[in-house]
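The values are calculated or read from the model by the stated rules, or taken from the named source; none is laboratory data. This structure is a prediction, so every number in the text was calculated from the model and none was measured. Ideal geometry is used to build each Cβ from the backbone, glycine not excepted, and the neighbour counts take in all protein chains shown.
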Amino acid sequence: MKQNVLLTIASLFSILLSTFHLSDDIVRGMEKGGASNLIAIPILVVWLYGTLALAERRSGYVIVLLGSLLVLTIPIVLMREVAFGAQVARVPSGGFFFVWTMIALGVTALFSLILSASALWKLQLGRPR
């Protein structure tokens, strides 16, 4: 499978998991549901635009790289708090989904980060100096 197709799929999956995570945080009361959460919409739209409309362009790769890096911090920050992770995992309603989302988000974001960095590297090497 082409690397650009893999990058598109992984990036789209990361965007989807990010929306699941934000929704789950609001439902659990870990985030206040309000206008402050609307900042995620333009961020995700720019990331989606970079993934789909700017595919195979340097600017698209940079947007995906930055979005992936930003989202990769979510599971790292949340799961570093061992007590917090254990507390959420014990919640009978949706604890599994929360932890699974964090793991899947970390995997897809890191994979997107690697693929976008690799694509940028190839563009740089193929460029005449």
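Data for the structure
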{"quantity": "Pick from the stretch 70-99, criterion surrounded by 11 or more Cβ atoms within 10 Å (Cβ to Cβ) and not in a helix (DSSP H, G or I), ranking: modelled with the lowest pLDDT", "calculated": "V91"}
{"quantity": "Matching entry among L69, L38, L54 (being hydrophobic (A, V, I, L, M, F, W, C) and in contact (Cβ under 8 Å) with a residue 12 or more places away in the chain)", "calculated": "L69"}
{"quantity": "Residues within the stretch 17-30 that are free of Cβ contacts under 8 Å to residues at least 24 places away in the same chain and buried (at least 16 other Cβ atoms within 10 Å of the Cβ), tallied", "calculated": "2"}
{"quantity": "Failed condition for Y61, given (1) among the aromatic types (F, W, Y); (2) surrounded by fewer than 17 Cβ atoms within 10 Å (Cβ to Cβ); (3) within 14 Å of S116 (Cβ to Cβ)", "calculated": "(2)"}
